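**Q** I'd like to ask you about the structure that follows.
Read the figures in this text as sums done on the coordinates, not as results from a lab. Only a predicted model underlies this, so the values are computations on that prediction, with no experimental measurement involved. Quick reminder, even Gly has a Cβ in these numbers, built from the backbone with ideal geometry, and neighbours come from all protein chains shown.
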Amino acid sequence: MKNLILYTRETISEEELSVKVAHSMHLAVLSNGELKVLNHNSGVLFGKATENADGSLNAKCLEKPVALQINNFLYGVVYIISNEKGEPDEESKGKVAVCITRDFAHYSSPAMWNISEEFIERIFVSFNDEKRFFEVWYKESNGKWFRGFAKTFIGDLFNVTEESFEEEQGISKEVLSFCENGKEKLPEGMILSGSLEIDDETADYVEKKLITPVNITNIVPESVIASQESDVTGVKAVAEYSDGSQCQKVVDWDLSTVDFEKEGEYRVTGKVHKEHFPFPIFENRADPCIGRWNGKYYFIATTDEDGNHSLYIREADSVKGLMDAKPVLLLDSNTYDYIGGLLWAPEFHEVEGKMYIYFAAAFQGEFLREESRVMELKEGGNPVNPKDWSAPIKVLKPDGTPLAEETKEITLDMTVFMWEDEYYAVWSQRQFVPKDLGAWLYMAKLDKKEPWKLASEPFVLTKPEYSFENNHTYVAEGPFALIRGDKLYLTYSGALVDSTYIVNMLSLKKGQDIMNPREWTKNNYPLLCARSTPGEYGTGHNAYVIDDDGTVWNSYHARPGVNGPRSTGIRRVHFGMDGEPILDMQEELDVKDEIAAVSMKVYVKK
């Protein structure tokens, strides 16, 4: 058995670690005096907002989380709800929130448990094997402790009595001793709230799931029969990782010892190839997207250095080649008299064999007339020739009306994908008048014959309900789809576009109803944040491209420093032990230099 430690963190600053993200449930595993901090010392369960009648949200934080084992398969997490400032929340007075989990990486939507008429300051819950009831200890704001029982995890309390209780009783002696004597080993800013003994299998899973995998070995065949160089250069290595996942890797083989004109046995050596993309590859380029068309790769992004008034396109024969490709001006705020500025988030998408660029632009520069638009590449056109693109037109609803009410709402960040033979569009839409409701993700079917028009009425896919996506402002934007086998992953960004910007994910399996928001699974914690990669802040608005070797690359923007400019980065997408995408695998973890050397025998036969 191992000890799972639950804690929150001290706030650093609004820029580096604000209340909304510090006041979330963090995890670490303690075993034999060794502490493993999970998920980069970042939260895995966050406060969830409540919703008002007009659709607006009330942000919440999470305090004092504790856990218990419910049965052989399920665990429960109980926590106190605070307001967005981390203070007692009037709406949640006398209540606590409860979640169910099987593995401490995936959690059910929280349910509210009403246990008192006063504010709750502390709570501990356990299952009493002898009495077959849940035993509940809670402390009210007046300092009094109470003990009660419940027949079910969130059932009504009975036999409630006022009794004394020491908080240390709810935390194992091993954890308390470690925290007292090993303070230098504790994660930064840790505020201990609870612990739970978990079996080795559960601990192994949560460690592998919430610690970025690292390359541990690289396997190549013992030998290969070859008659030409390509028979050897085509041999790839299978890279294995600490979580049990694998990935095929190109090998840079040294064939200088092989004579392909002479039959015989040869020994060749090589190194597992590691593509290097320094961060940033482009400064002042945000919302990047890489597309493929007729064997070429194209890069486009929002241009921050001129205030978002231009769009440039680059062309290369490879993803790596885009770093040195010449930028070509595609359009700017003067190209068309009806577009005055704020050219945002361009994306390449192929629909029915034709290439399109979806982006947002404002009519004559009016912010409240920012709308999703699309341009089509003419038949046989050259993507880097501006004249080969049609004039931008608005994306419209099925009846030909705008997506949103002009001068009151804006639409932006439209993405397009095909799923089970249908095309879909997802975009961000924000109402400002009469009340700012924040940016929500909307979705609809797309007319594949006229991909500037929806084929169904839009619906709200998700709102920025978790505290990591309503940090500093209520925003869900920048969606992009990644399809892997029978799973559809839709990543998106949330929070203010500053150092606290994040990437989160929605997912869906084949056979589920894509048009039903309840069918989608939403991650409880972001895939990328300011703690994911050292030196990169405000990581967000990403897009994917698959190269000729089948490698999935993630382009994103982040800030090189808390107040640095939004700049483009590229990183390989790894797929972990459960097949889900991992976006924070840095190059030094992806291919370990000390084990990159491989060798095999080559039998040349004519």
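**Q** Going by how many other beta carbons lie within 10 Å of each one, how would you line up Cys61, Cys99, fewest first?
**A** Working: Cys61 25, Cys99 21.
In order of increasing Cβ crowding within 10 Å: Cys99, Cys61.
**Q** Sticking with this structure for a sec: Consider the candidate values (i) 79, 59, 48; (ii) 83, 71, 44; (iii) 85, 82, 53; state which one is Cα extents along the principal axes in Å computed from the structure displayed.
**A** The calculated read-out lines up with (ii).
**Q** Just to check I understand the Karplus step: with θ = phi - 60° and J = 6.51 cos²θ - 1.76 cosθ + 1.60, what whole-Hz values come out for the range 342-348, glycine and proline as x?
**A** With the stated coefficients, the range 342-348 comes to 6, 8, 10, 6, x, 9, 8 Hz.
**Q** Excluding Thr217 itself, what net charge comes from residues whose Cβ is under 12 Å from its Cβ, given Lys and Arg +1 and Asp and Glu -1?
**A** Every neighbour counted, the sum reads 0.
**Q** Another question, if that's okay. As a footprinting exposure proxy, order Arg9, Arg267, Arg292, Arg373 by other Cβ within 10 Å, with the fewest listed first. Kindly include the intermediate steps, with their values, before the conclusion.
**A** On the way: Arg9 19, Arg267 11, Arg292 16, Arg373 24.
Fewest-to-most Cβ neighbours within 10 Å comes out as Arg267, Arg292, Arg9, Arg373.
**Q** Round to a whole angstrom and tell me the spacing of the C-alpha centers of the range 487-555 and the range 138-190.
**A** What the calculation gives is 35 Å, centre to centre.
**Q** I need the phi-derived Karplus couplings for the range 158-165: 6.51 cos²θ - 1.76 cosθ + 1.60, θ = phi - 60°, integer Hz, Gly and Pro marked x.
**A** Karplus-based 3J(HN,Hα) across the range 158-165 equals 9, 6, 7, 9, 7, 9, 6, 7 Hz.
**Q** Now, a different point. Could you give each residue of the range 202-217 its phi-based ³J(HN,Hα) in whole Hz, using Karplus coefficients 6.51, -1.76, 1.60 with θ = phi - 60°, and x for Gly or Pro?
**A** For the range 202-217, the Karplus curve yields 5, 4, 4, 5, 5, 5, 5, 6, 10, 10, 4, x, 10, 5, 10, 6 Hz.
**Q** Something else: In percent, how large is the relative contact order of the range 449-606, given Cα pairs closer than 8 Å and 6 or more residues apart?
**A** Relative contact order for the range 449-606 comes out at 14 percent.
**Q** By a straight-distance test (C-alpha under 23 Å), which lysines pair with Lys144 as possible cross-link partners, with residues fewer than eight away in the same chain excluded?
**A** Lys64, Lys93, Lys95
**Q** Separate question: Kindly rank 66-79, 173-186 from highest to lowest mean number of other beta carbons found within 10 Å of each residue.
**A** On the way: 66-79: 18.0, 173-186: 13.1.
The most tightly packed comes first, giving 66-79, 173-186.
**Q** Another one. Please give me the summed charge of the neighbours of Ile410: other residues whose Cβ is under 14 Å from its Cβ, Lys and Arg +1, Asp and Glu -1.
**A** -4
**Q** Do the sum for the chain: with -39,500 (n - 2.57) for every DSSP H run of n ≥ 4, divided by all residues, what is the mean residue ellipticity at 222 nm, to the nearest 500 deg cm²/dmol?
**A** -1000 deg cm²/dmol
**Q** Right, something else. Highest mean first, what order results for 195-204, 307-316, 162-171 on Cβ atoms within 10 Å?
**A** With the highest mean Cβ count within 10 Å placed first, the list reads 307-316, 195-204, 162-171.
**Q** If you rank Ile281, Ile12, Ile570 by fewest surrounding Cβ atoms within 10 Å, what's the result?
**A** Lowest count first: Ile12, Ile281, Ile570.
**Q** Also, I was wondering about something else. Going down the table (Lys60/Lys408; Lys249/Lys510; Lys394/Lys448), which pairs top 23 Å between alpha carbons? Before the final figure, lay out each step's value.
**A** Numbers: Lys60/Lys408 27 Å; Lys249/Lys510 28 Å; Lys394/Lys448 16 Å.
Beyond 23 Å: Lys60/Lys408; Lys249/Lys510.
**Q** Please list 382-392, 474-484 highest first by mean number of surrounding beta-carbon atoms within 10 Å per residue. Walk me through the intermediate numbers first.
**A** On the way: 382-392: 16.0, 474-484: 23.2.
Going from most to least packed, we get 474-484, 382-392.
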